[in-house]
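Following: one structure in C-alpha cells, then a few remarks.
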Amino acid sequence: MKHLLRYRGYKRKAQASLMVVLLIILATSLFISMIYVAYELTSWYESEKQKISQLEVERLEENIIIEKIGQGIGSIHLNITNVGSVPVLIRYAIVVYVKDAELVMAYDELNVYINVGEELYNVKVDIPPPTNLKYIMLVTSRGRVFIKVVETV
Amino acid sequence: MKLQGKLGLSEIISALLLTMIALSIFSILYIFLSNYFTERKSILHSIYSSNIERLLERVTIAYAFYNDSGLYLCIYNYGYVDAKIVLLFINDTLVDNSLITPLELPVDELTIVHVDVSLNQGVYYIKIVSERGNSYETFVKV
C-alpha cells in the first residue's frame with residue numbers, strides 16, 4: 001500500500017511536469033513567433049525607408065542645365081547638360097506661355113535619359129513654339145523640376 | 001488481490017481523465033492564444049503597411065499658375081504608390097473637393113489638377129493633403 005501511494009505521487013508529479021512542459025512550449029513558441037513577426041515587420045519598414053532615403057539623396061544630387069532653346073517647325077529643341085552626380089531621366093517638359101494675356105501651359109512626355117556630364121543637343125519637345133514663351137521646365141523621374149526662364153514676366 | 005486490481009483500474013481511468021482534461025485545457029488555450037496572436041499580427045501588419053505606404057508616397061508640385069478659368073497645379077507623383085488629394089487649402093481656406101479635378105495622382109505621371117476658383121491679385125499659399133496624411137505646399141502668384 002505504501003509503495004502504491006508513493007507510485008501514485010510520482011505519477012501525479014510526472015503528469016504535472018508534462019503539462020508544465022507543454023505550457024512552456026506553447027508560451028515559448030508564441031514568444032518566438034511574436035519576436036519573428038516584429039523582426040520581419042521592422043526589417044520591411046527599414047528596407048522601404050532605406051529605399052526612400054536613397055531616392056531622396058539621389059534626388060538632391062540631380063542637376064541639369066537647359067542651355068539653349070531652339071524653335072523648330074512644330075517643336076521646341078533644347079540643349080541639356082547633366083552637371084549633377086547621378087544619371088537623370090527627364091520625364092516631362094512643361095512649356096508655359098502667354099496667350100490672349102493669360103498664362104497657358106502645355107506639356108510633353110520626353111523620357112530622355114542623360115548620363116553624368118553628358119550633353120544632349122536638340123532634344124525635341126513636341127509642342128509648337130508659342131510666340132510668347134515664358135518658361136520651360138523639365139520634370140525628372142525623381143521629382144526634381146529644372147526651369148529655364150525665357151522671358152521675364 | 002481483488003482490491004489491488006480495482007485500484008489499478010481506477011488508477012488508469014483517473015490518469016486518462018486527468019490527461020484528457022489537461023489536453024483539452026491546453027488545446028483551448030492554444031486555440032485562443034493562436035487566434036489572439038493572428039489578430040494582433042494582422043493589426044500590426046496593417047499599421048506597418050499604412051506607415052510604409054505613407055513613406056512611399058512622394059509627390060511634387062512642379063508648377064502652379066492661375067488664369068481666368070481657374071487655378072492649375074502640375075503635380076508629379078515620383079513615389080511608389082498612387083496618391084489621392086483629399087484636402088486642398090488656398091491661404092488656409094479649404095476648397096470644396098467638387099471644384100478639384102482630378103483628385104487621383106497616378107505613380108510616375110504628371111497630372112494637371114484644375115481648381116475651379118476665382119482669385120484676386122496677390123500671392124497665395126496652396127497646400128494639398130493626401131489621403132495618407134502627407135501634405136505638399138507651394139505658392140502661386142496671381
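Prolate is the label for segment B:1-56, because the ratio a/c of its alpha-carbon gyration tensor axes (a ≥ b ≥ c) is 1.5 or higher and a/b is greater than b/c. With helices as the sole contributors, chain A gives -15000 deg cm²/dmol at 222 nm; each DSSP H run of n ≥ 4 counts as -39500 (n - 2.57), and the sum is divided by every residue. Across segment A:76-98, the residues whose backbone nitrogen lies under 18 Å from the label position 7 Å along the beta-carbon direction of residue A:115 are A:80-90. Once the Cβ-Cβ distance of residue A:85 and residue B:44 is raised to the sixth power relative to R0 = 35 Å, the FRET efficiency obtained is 0.35.
Modelled spin labels at residue A:75 and residue B:69, positioned 7 Å past Cα toward Cβ, are 2.6 nm from each other. What the Cβ-Cβ distance of residue B:104 and residue B:20 gives, at R0 = 41 Å and to the nearest 0.05, is a FRET efficiency of 0.10. Think of chain A as a dipole: +1 on every Lys or Arg Cβ, -1 on every Asp or Glu Cβ, centred on the Cα centre; then among A:79, A:107, A:35, A:35 lies furthest on the positive end. Placing pseudo-labels 7 Å out from each Cα toward the beta carbon at residue B:10 and residue B:114 gives an inter-label distance of 9.3 nm. A Gaussian network model of chain A, with springs between Cα atoms under 10 Å, assigns the largest mean-square fluctuation among A:28, A:42, A:81 to A:28. Springs between Cα atoms under 10 Å define the GNM used for chain A, and in it the highest mean-square fluctuation of A:94, A:25, A:66 occurs at A:25.
Hey, what number do you get for chain B at 222 nm if only DSSP H runs of n ≥ 4 count, each worth -39500 (n - 2.57), divided across all residues, to the nearest 500? Display every interim value, and only then the final one.
Details: 1 runs with 55 residues, N = 142.
That calculation yields -14500 deg cm²/dmol at 222 nm.
Computed over the alpha carbons of the protein assembly as shown, Rg followed by Dmax gives 34.2, 120 Å. The 3J(HN,Hα) values that the Karplus relation (6.51, -1.76, 1.60; θ = phi - 60°) gives for segment B:123-128 are, in residue order, 10, 10, 9, 9, 9, 10 Hz. Gly and Pro appear as x.
For chain B, a Gaussian network of Cα nodes joined below 10 Å ranks B:26, B:89, B:65 by mean-square fluctuation, and the top entry is B:26.
What number comes out for the charge environment of residue A:75, summing +1 per Lys or Arg and -1 per Asp or Glu over other residues with Cβ under 15 Å away? Could the numbers behind the result be given before it?
Working: positive: A:68, A:124; negative: A:108, A:109, A:126.
Local net charge: -1.
So the label point goes 7 Å from the Cα of residue B:82 along Cα→C-beta, right? Which residues of segment B:104-142 then have their backbone N under 11 Å from it? Under 11 Å, as judged by backbone N against the label point of residue B:82, lie B:104-107 of segment B:104-142.
Scanning residues 5 or more positions from residue A:92 or on other chains, those with amide H under 5 Å from its amide H are A:110, A:111, A:139, with H placed 1.01 Å from N in the peptide plane. The residue among A:139, B:56, B:42 whose Cα reaches farthest toward the positive pole of the charge dipole of the protein assembly as shown, with charges on the beta-carbon of Lys, Arg, Asp and Glu, is B:42. Here the Karplus curve 6.51 cos²θ - 1.76 cosθ + 1.60, taken at θ = phi - 60°, turns the phi angles of segment B:109-120 into couplings of 10, 8, 10, 9, 8, 9, 10, 7, 10, 10, 10, 7 Hz, with x standing for Gly and Pro. Suppose R0 equals 22 Å; then what is the FRET efficiency for residue B:32 and residue A:17 from their Cβ-Cβ distance, rounded to the nearest 0.05? Computed FRET efficiency for residue B:32 and residue A:17: 0.40.
Toward the positive end of the charge dipole of segment B:2-142, with +1 on the Cβ of Lys and Arg and -1 on the Cβ of Asp and Glu, the farthest Cα among B:125, B:72, B:83 is that of B:83.
Derived scalar couplings between HN and Hα for segment A:118-132 equal 7, 10, 10, 9, 6, 6, 8, 10, 6, 10, x, x, x, 6, 10 Hz in order, rounded to whole Hz, by the Karplus curve 6.51 cos²θ - 1.76 cosθ + 1.60 (θ = phi - 60°), x for Gly and Pro.
Every read-out reported here was derived from the displayed coordinates using simple, explicitly stated rules and does not represent laboratory data. Computed from a prediction, not measured in an experiment: that's the story for all the values here. Every residue, glycine as well, gets a Cβ built from its backbone with ideal geometry; the counts of neighbours run over all protein chains shown.
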